[in-house]
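Q: Handing you a structure now.
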Amino acid sequence: MSLPPTQPLTVLKPADFASDQEVRWCPGCGDYAILAQMKKVCAKLGMDRSKTVFVSGIGCSSRFPYYMNTYGFHSIHGRAPTFATGLKLARPDLNVWMVTGDGDALSIGGNHFMHLVRRNVDIKVLLFNNRIYGLTKGQYSPTSEHGKKTKSTPMGAPEYPIRPISIAIGAEASFAARAIDVDMKHLEYVLERAAAHKGTAFVEIYQNCNIFNDGAYDYAVDKSTRSDNVVYLEHGKPLIFGKENSKGIRLHALTPEVVDTKIVSADDLLIHDEKAPEPSLAFLLSRMRYPDFPEPLGVFRAVDHEAYGDTVRQQNRDAIAGQGEGDLQSLLNGEETWSVS
Amino acid sequence: MPIIGNGALADCGAIPAKSKADATAGLTRSPSVSRKLQIANRKWIYMSAITNDLNSTVRRPSKPVTTLPSVTVRFAGDSGDGMQLAGTQFTDTSALFGNDISTLPDFPAEIRAPAGTLAGVSGFQIHFSSTDIYTPGDDLDALVAMNPAALKTNLRSLKSGGILMVNEDAFAAADLRKAGYDISPLEDASLGGYRLIRVPINKLTAAAAKDSGLGAKDIDRCKNMFALGLVYWLYGRPLEPTLQYIEQKFAKKPAVAGANALALKAGYHFGETAELFSEQYQVPKAKLPPGNYRKITGNEATALGMIAASKLADKQLVYCSYPITPASDILHQLSAAKNFNVITFQAEDEIAAIGAAIGAGFGGALGATGTSGPGIALKSEAIGLAVMTELPVVIVDVQRGGPSTGLPTKTEQSDLLQVLFGRNGECPVPVIAAASPADCFAAVIEAFTIATKYMTPVIFLSDGYVANGAEPWLVPDVSKLARITIAHPTEKNSDKGFMPYQRDENLARPWALPGTPGLEHRIGGLEKQDVTGNVNYEPANHEHMVRLRAAKVAGIQPAGPGMLHTGPDQGDVLLIGWGGTHGAIKAATLELQQQGVRASACHLRYLNPLPRELGQLIKNFKHVLIPELNLGQLRMLLRDRYLVDAKGLNKVKGQPFTIHEIVEGAQALLHGNVSAYEVNAPTNDVVPAGPPGATID
Ligand code: SF4
């Protein structure tokens, strides 16, 4: 008996995940960094290109699928969750990622986003939050700050922004995390965590639009200020930040407060628990916002909930086990037939 | 009209003659396997025979029996009176008995309109016959009116001299006021032209069920069964099917079952013993082609057709829908078919429903969504995406009265132009319309066949009348249904790699599924470069692609009949219709022929592309009349397409055509009497279907 020919195990490199299409974001756009990290994670996790699908809506971020050498579906504005849900329902074997933006997911697609998360469809969702409309050239978005001056709000946005992670957690997210485009290592970590999650994994990525909203995240990126303005979440660890870990977050009743770690011991600080069954703590963290608080980065919440498609398919299996596999002829005959001879 | 199930419509010339059916052959009931055990010991014998069930009455005609070829009855009452149930039971029993049947349920949009008011009236009309019939009947032979409001809204449909059974217990001063009567119509001479039969249904029901153990209120709810029992007696129908239904339905509530059964029997006895009726009637069974029959509604046939398509294509069905009247029953039916591995997805809105259906199609499933007119409006953008990405998906539109929320429970054919043109850009979509309730089965299979063969969304048009109406259906032999063959590529189709927009002889692109190694590709709503499918904005490419998409749809070859024809292919007047008006137009055409008119009818199942033979056919007639339940949408299309001076017979009352309306319309056209007909159209008519209800223009 001869041995089967040995197949060399193809190890894909990040470049193997690049499609042949020219990337057309503005030079300097934060999207490039995210694309690079995504390809890296795909290679690192040994993802099967043929089994991976990127689905997107409309906006700068939603061009993402064209640049990945996987299957891809660039759909219509705000509706990516619907296509992704149908695809995953039909094909549970596929590894489905969705790329969206603050306008796509939270404005025109707000309804679908909420229901995708609520159902816990097994899809990884990357929301590139640049707090502006880029593709339509610079109008304010649902995450733009109150008073933000843009082309459509010359006297300042009269609305208050919503916070993507608060929305996701309000919609019963089983996984919610945040990263920053230029913080490569951390972004890679968060993407890997998302990839490993079963159910909807929601990742908000702070993304710089250097054309229409440049520097929106300088406070969180700039070397001189960042340590005071962001706090990295680690499961089971106290929330400590600032230069030389000089500051911490303590819970006073239901309100977080910034304290000096020289005065307050680590045991009295807020200890992060991403697995807490109740989402209250994760929600509270999602409310912490610059400049009053450091903004948390990392995994806010990661709990086990049965994924939507699994429940649906189990019901079909149960029905088949209980009633036997359906017979078309008797279905057509129905409950009562009469024969004419 | 009974419909052959296997794709061919039982229409003029399309099936073998029906005369083979043996009128004397005994009717046997073949319950499905699931029910066989339950009723194995309950062989029953039908009408005017002695039953072997000792519990029930001996059914021997107690009065002279007159035989009628066909009868139309309407049960009308308050929404809370159970008229839909009474009507459905009468239909089931008549179908099992062997009549040809056609039904028209008519109910208010409000779940609970104020009791006793005109707005709250619910009706169910059944036409049952010993001959071939095509519609639920124009005028009523008998009307059951459970209250004054039902009497007022329905009386106009009753033939003069027709049987009018009223529940006299519901004619107190307050009831009369709610219906807008100053004096009781039972007391004045207004009902003199009918055979008025006053029955104290409340009192008799209460007396019949007094020992059932139920309270007065619950007993009162059985009065529909009393009325049904009485009508059963009048037409010599057996009680067993309904008794059996009651027993099963209320298996866990024996007291309720008992009270309903008592009321039903009491109604029957009342007919026998009271001196109100001098005779009984019988409608012999129809001579249908041999085979196994069942009763089916359009929504049922649509759901069954989808499941059949999934089996025939060996593909998972993923049906995505947002609840909407009158399409929701399709979602309900499919949700109960989990043992066929059907996946149903109740989406958060109409857009999500079609998005998920397209996503499922991208993944290789049979994706479908179902809705009504308002939902189609919301799905338009996504339908455009399916056109651009050339993915198969079936979109069911069960039309209802519009615009906006319109008349949710009433029928109309006013979405035709919306489904053909209601999208941005040059966006061609094939459109197939079912001609009758049972035709939904074959038509929806056709829709999936075309969607997968040509890689395109397909719109399947039904309507409220087709969806809720019922008729007998000759159940097809599954082994004889045509398979839907689908091939997915596994290899690259060019030296340069996989070309997702390279086309086959039907101009269809390959349906390459995610998960296939080497065929990774990206699709989306931006214009595609020919062959490669890459994003492309070049002017010449765009025009080429627009024309390619149009040519693909224009070149579709129907798998089943593209149109149904009645009569010779030349003559004086051609009636062209589409959708649920088929029965009325066909019956009208046959009647016109009997009147000596050289009339033919042609009914379009394909609205896009139009059947190729239509242009020539039109040229063979002096006049073309297009009856439609809208203001002339098909007429506009055909005038444009064939430069024909087609006339429209149009009605938008939320009700189907009567045969009479169409006959009159054709006669008016032939006699050049167009304006006379227009003048006759009543404007603020509360009567659901009163002739003449249509205008010609
Ligand atoms: S407009 Fe902004 S978000 Fe869009 S590509 Fe340019 S820099 Fe990036």
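The values are calculated or read from the model by the stated rules, or taken from the named source; none is laboratory data. Predicted model only: the values in this text are computed from it and were never measured. Every residue, glycine as well, gets a Cβ built from its backbone with ideal geometry; the counts of neighbours run over all protein chains shown. The protein model used for the area step is the full one, side chains on, heavy atoms only, and it has no ligands, DNA or RNA in it. Shrake-Rupley method; radii C 1.70, N 1.55, O 1.52, S 1.80 Å.
Q: What lysines sit close enough to B:K217 to cross-link, taking a C-alpha to C-alpha distance under 27 Å and skipping anything fewer than 8 places away on the same chain?
A: In chain and number order, the partners are B:K152, B:K178, B:K203, B:K249, B:K252, B:K253, B:K265.
Q: Okay, next question. Work out how much length A:D267 to A:K151 would gain on full extension: take 0.36 nm times their residue separation and subtract the Cα-Cα distance, in nm to one decimal.
A: So the extension gain works out to 36.9 nm.
Q: Oh, and also: Taking each residue of B:97-108 in turn, how many C-beta atoms of other protein chains fall within 10 Å of its C-beta, and what is the average?
A: The per-residue average across the peptide is 0.
Q: Kindly state, to the nearest 0.05, the FRET efficiency for B:E426 paired with A:R118, given R0 = 51 Å and r defined as their beta-carbon distance.
A: With R0 = 51 Å, the Cβ-Cβ based efficiency is 0.85.
Q: Computed from the mean reciprocal separation of all distinct C-alpha pairs, what Kirkwood hydrodynamic radius does the protein assembly as shown have, in Å?
A: The Cα-based Kirkwood calculation yields 31.9 Å.
Q: Any idea what the dipole of the protein assembly as shown comes to, in debye rounded to 20, about its Cα centre with Lys/Arg Cβ at +1 and Asp/Glu Cβ at -1?
A: Computed about the Cα centre, the dipole is about 1080 debye.
Q: What is the distance, in nm, between label points placed 7 Å from the Cα along the Cα-to-Cβ direction at A:H235 and at B:T66?
A: For A:H235 paired with B:T66, the spin-label model returns 8.3 nm.
Q: If you keep only loop residues by DSSP, which GluC sites (Glu not before Pro) in region A:233-300 have at most 15 other Cβ atoms within 10 Å of their Cβ?
A: Loop-located and lightly packed - A:E234.
Q: Relative to the compact-globule scaling 2.2 N^0.38 Å, provide the ratio for the alpha-carbon radius of gyration of chain B.
A: This ratio for chain B stands at 1.00.
Q: Here is a follow-up. Have a look at B:F128, B:F362, B:A266 and report the one farthest towards the positive end of the charge dipole of chain B, computed about the Cα centre with Cβ charges (Lys/Arg +1, Asp/Glu -1).
A: Most positive-ward Cα: B:A266.
Q: Defining a contact as two alpha carbons under 8 Å apart and six or more residues distant in sequence, what relative contact order in percent does chain B show?
A: Relative contact order for chain B comes out at 13 percent.
Q: Relative contact order of region B:563-670, please, whole-number percent, based on alpha carbon pairs below 8 angstrom and at least 6 residues apart.
A: Dividing the mean separation by the residue count of region B:563-670 yields 31 percent.
Q: Further question: Averaged across the residues of A:320-329, what count of C-beta atoms belonging to other chains lies within 10 Å of each residue's C-beta?
A: 5
Q: Here's another thing I want to ask about it. Determine the order of B:D100, B:D138 by accessible area, beginning with the largest, at a probe radius of 1.4 Å.
A: In descending accessible area the options line up as B:D138, B:D100.
Q: May I ask you to order B:268-276, A:290-298 by the average number of other C-beta atoms within 10 Å around their residues, highest value first?
A: A:290-298, B:268-276
Q: I've got another one for you. Considering only DSSP states other than H, G, I, E and B, which chymotrypsin sites (Phe, Trp or Tyr not before Pro) in region B:521-615 qualify as loop sites with at most 14 other Cβ atoms within 10 Å?
A: Here the sparse-neighbourhood loop sites are B:Y537.
Q: Let me ask something else. Which entries of B:K453/B:K480; B:K285/B:K480; A:K51/B:K315 show an alpha-carbon separation above 23 angstrom in the structure shown?
A: B:K285/B:K480, as the Cα separations exceed 23 Å there.
Q: Still on this structure, please answer the following. With only Lys, Arg, Asp and Glu charged, each at its Cβ (+1 for the first two, -1 for the last two), find how big the charge dipole of region B:563-670 is about the Cα centre; round to the nearest 20 debye.
A: Dipole magnitude for region B:563-670 comes out near 220 debye.
Q: Then there is this: So if R0 is 22 Å, what FRET efficiency would B:L196 and B:T273 give, r being the distance between their Cβ atoms, rounded to the nearest 0.05?
A: With a Förster radius of 22 Å, E is 0.70.
Q: Mind checking which of B:L304, A:I169, B:H660 is farthest towards the positive end of the protein assembly as shown's charge dipole, using Cβ charges of +1 (Lys, Arg) and -1 (Asp, Glu) about the Cα centre?
A: Going by the Cα projections, it comes out as B:L304.
Q: I'd like the mean, over residues of A:88-100, of how many other protein chain beta carbons sit within 10 Å of each residue's own Cβ.
A: What the average comes to for A:88-100 is 5.
Q: Specify the residue with the greatest mean-square fluctuation among A:T311, A:T70, A:T200, computed from a Gaussian network of chain A linking alpha-carbon atoms under 10 Å apart.
A: Most flexible of the set in this elastic network: A:T311.
Q: So, one more: Which residue, B:Q280, B:Q244, B:I626, has the largest displacement toward the positive end of the dipole of the protein assembly as shown when charges sit on each Cβ (Lys, Arg +1; Asp, Glu -1)?
A: So the residue we want is B:Q244.
Q: I would also like to ask the following. Between A:D16 and A:H252, how high is the FRET efficiency from 1/(1 + (r/R0)^6) when r is the Cβ-Cβ distance and R₀ = 51 Å? Nearest 0.05.
A: It comes to 0.50.
Q: Loop-only check: which trypsin sites (Lys or Arg not before Pro) in region A:120-194 are DSSP coil with at most 16 other Cβ within 10 angstrom?
A: A:K137, A:K149, A:K151
Q: If you don't mind, there's one more thing I want to ask. Quick one: net charge around A:Y206, please, counting Lys, Arg +1 and Asp, Glu -1 for every other residue with C-beta under 10 Å from its C-beta.
A: Value of the local net charge: -2.
Q: Can you give the accessible area buried between chains A and B, summed over both chains, with a 1.4 Å probe, in Å² to the nearest 100?
A: Heavy-atom accessible area buried at this interface is about 5900 Å².
Q: Right, here's the next one. So how exposed is B:V546, as accessible area in Å² (1.4 Å probe, rounded to 10)?
A: For B:V546, solvent-accessible area is about 30 Å².
Q: Additional query: Please report the net charge: other residues with Cβ closer than 13 Å to the Cβ of A:R119, K and R +1, D and E -1.
A: -3
Q: Roughly how many debye, to the nearest 20, is the charge dipole of region B:382-438 about its Cα centre, given +1 on each Lys and Arg Cβ, -1 on each Asp and Glu Cβ, and no other charges?
A: Here the size comes out at about 180 debye.
Q: Further question: Taking only DSSP H segments of four or more residues, each worth -39500 (n - 2.57), what value at 222 nm results for chain A once the sum is divided by all its residues, to the nearest 500 deg cm²/dmol?
A: Helix-only estimate at 222 nm: -8000 deg cm²/dmol.
Q: Let me ask something else. Per DSSP H run of n ≥ 4, the term is -39500 (n - 2.57); total these for chain B, divide by its residue number, and report the mean residue ellipticity at 222 nm rounded to 500 deg cm²/dmol.
A: -10000 deg cm²/dmol
Q: Taking 40 Å² as the minimum loss, tell me which residues in region B:485-529 lose that much accessible area going from the chain by itself to the full protein complex (1.4 Å probe).
A: B:P514, B:G515, B:E520, B:R522, B:I523, B:L526
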